[in-house]
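In what follows, a structure is listed as structure tokens, so that the remarks can point back to it.
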Amino acid sequence: MLIGVPSEIKNHEYRVGLTPESAAELINHGHKVIVQSGAGAGIGATDELYTQIGATIAANAEQVFAQADMIVKVKEPLANERKMLRPDQILFTYLHLAPDVPQTNDLLASGATCIAYETVTDDFGGLPLLKPMSQVAGRMSIQAGAGALEKAHGGRGVLLGGVPGVEPGKVLVLGGGVVGFNAAQMATGLQADVTILDKSPTVLERLDNHFGASAKSLFSNHATLASHLAEADLVIGAVLIPGAAAPKLVSREMLSTMKPGAVLVDVAIDQGGCFETSKATTHADPTYIVDGIVHYCVANMPGAVARTSTYALNNSTLPHVINLANKGWKQALLDDAHLANGLNITNGQLTCEPVAKAQNLSFISIKQALSMPTKNAA
């Protein structure tokens with residue numbers, strides 16, 4: 001199979017779908033890899049490094065999309081990329097379709113088989129291809145929030161860790177999953193005053209066992225959220241419903257109860273955001289202010305630490321890329337129910353129920369999709 005790796009074109013996105021080492025693994029399995037010139041520059045992977053392991057360099061994205069049997073990316077394809085997809089092609093990347101109607105419509109029209117990193121599952125009920133980026137984003141959320149809290153950036157002028165004689169900043173983390181756990185780790189490391197809200201007793205017990213007295217873990221309900229929101233200097237939105245739009249936990253009305261210059265960091269923005277006032281921002285212009293509250297809603301936070309993020313992501317995605325290339329998408333999904341859960345669109349049909357519900361669309365089951373004859377089964 002010929003695997004194509006185009007350059008990422010989202011604002012300040014420096015990651016790449018395959019590292020040179022990952023490309024070498026695919027070539028060792030008998031496959032071919034074509035990489036757009038400069039695609040790896042953001043992680044220090046030159047065109048020469050790719051050619052040294054046997055990959056071919058393409059001058060532009062059009063050549064990659066025209067030749068490749070499978071496109072391996074990091075972020076969702078933008079409109080001009082979606083136009084280049086074709087029915088006999090596999091797309092393997094993050095999609096986050098639930099809040100993105102134009103992307104869903106374009107991918108359905110393309111006829112391509114689109115497998116989303118963020119809905120692939122594992123034996124433990126986790127999302128193993130989302131986890132490494134959630135770890136990165138959770139840790140970055142505290143860095144980003146701490147910067148946004150500086151007065152020059154519109155914040156309250158609070159140092160999260162405080163200093164002797166001055167109390168630390170108050171950090172409220174909404175959600176105790178991978179993002180929330182990693183955010184809390186960073187915040188407690190800075191000696192901030194940390195509270196984590198979650199609805200799962202199991203998650204709360206795990207958080208309590210890990211953090212002990214260094215962070216408070218509380219059951220999430222409206223009253224608890226409202227009282228802690230009013231006291232918070234920094235709020236991390238870390239909720240996730242796999243494949244679905246994020247729930248809006250903080251309304252615009254609730255902003256009026258917060259301290260002027262407090263900061264909201266919405267890590268759920270890829271899935272539409274968990275604050276009513278959230279809108280996606282970029283690394284070039286990461287924040288905006290609504291009712292005196294600073295919002296940081298960058299949709300590709302891990303792209304800022306591209307080398308760490310790319311290698312962490314490839315550690316998880318490469319085995320699936322190899323299986324897709326070795327077996328063809330249909331057999332790979334038939335052999336691996338967890339990879340099959342990543343199937344979102346194929347043959348012009350939507351196969352992800354949460355996306356269908358979010359956009360009021362019809363869908364077919366993954367089992368039905370795998371039983372349908374298609375052009376791109378191999």
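The values are calculated or read from the model by the stated rules, or taken from the named source; none is laboratory data. What you see is a predicted model; the values in this text were computed from it and never measured. A quick note on method: Cβ atoms are made from the backbone with ideal geometry, for glycine too, and the neighbour counts reach across all protein chains shown.
Tally up the residues in region 335-378 that are in a loop (DSSP other than H, G, I, E, B) and either over 16 Å from LEU324 (Cα atoms) or modelled with pLDDT under 95 (or both), please.
Qualifying residue count for the region: 17.
Just to check your reading of the model, which residue among GLY180, GLY175, GLY169, GLY212 is surrounded by 17 or more Cβ atoms within 10 Å (Cβ to Cβ), more than 19 Å from VAL136 (Cβ to Cβ) and not aliphatic (A, V, I, L, M)?
Just a single option satisfies the conditions, and that option is GLY169.
May I ask you to verify whether ALA245 is over 21 Å from PRO132 (Cβ atoms), touching a residue at least 12 places away in the same chain (Cβ under 8 Å), under 21 Å from the mean Cα position of the chain (by Cα) and crowded, with 17+ Cβ neighbours inside 10 Å?
yes
Residues of region 85-106 being surrounded by fewer than 19 Cβ atoms within 10 Å (Cβ to Cβ) and over 21 Å from the mean Cα position of the chain (by Cα), which ones?
ARG86, PRO87, ASP88
Could you tell me which residue of region 281-304 is farthest from GLU253 (Cα to Cα), considering only residues that are buried (at least 18 other Cβ atoms within 10 Å of the Cβ) and of a type in the set (A, V, I, L, M)?
ALA304
For the structure I just gave you, tell me whether GLY138 is in contact with a helix residue (DSSP H, G or I) (Cβ under 8 Å, 6 or more places away or on another chain) and either surrounded by fewer than 20 Cβ atoms within 10 Å (Cβ to Cβ) or not assigned by TED's automatic domain parsing to the domain that holds CYS297 (or both).
no
For region 110-121, give me each residue that is in a loop (DSSP other than H, G, I, E, B) and within 15 Å of TRP329 (Cβ to Cβ).
GLY111, ALA112, VAL120
Would you check if there is a residue in region 297-311 being modelled with pLDDT of 95 or more and more than 20 Å from VAL74 (Cβ to Cβ)?
No, region 297-311 contains no residue that is modelled with pLDDT of 95 or more and more than 20 Å from VAL74 (Cβ to Cβ).
Report every pair of residues separated by at least 6 positions or lying on different chains whose Cβ atoms are under 9 Å apart, first residue within region 298-318 and assigned by TED's automatic domain parsing to the domain that holds GLU8 and farther than 14 Å from GLU8 by Cα, second acidic (Asp, Glu) and surrounded by fewer than 22 Cβ atoms within 10 Å (Cβ to Cβ).
TYR311/GLU21; ASN314/GLU21; LEU318/GLU21; LEU318/GLU25
Suppose we keep only residues that are assigned to a strand (DSSP E or B) and closer than 14 Å to GLY147 by Cα within region 277-292. Which one would you say is farthest from the chain's Cα centre (by Cα)?
So the residue we want is TYR288.
For ALA109, state whether it is among the small types (Gly, Ala, Ser), assigned by TED's automatic domain parsing to the domain that holds ASN80 and either over 16 Å from the mean Cα position of the chain (by Cα) or modelled with pLDDT of 95 or more (or both).
It is true that ALA109 is among the small types (Gly, Ala, Ser), assigned by TED's automatic domain parsing to the domain that holds ASN80 and either over 16 Å from the mean Cα position of the chain (by Cα) or modelled with pLDDT of 95 or more (or both).
Just need a number here: residues in region 82-109 that are part of a helix (DSSP H, G or I) and without any contact (Cβ under 8 Å) to a residue 60 or more places away in the chain.
5
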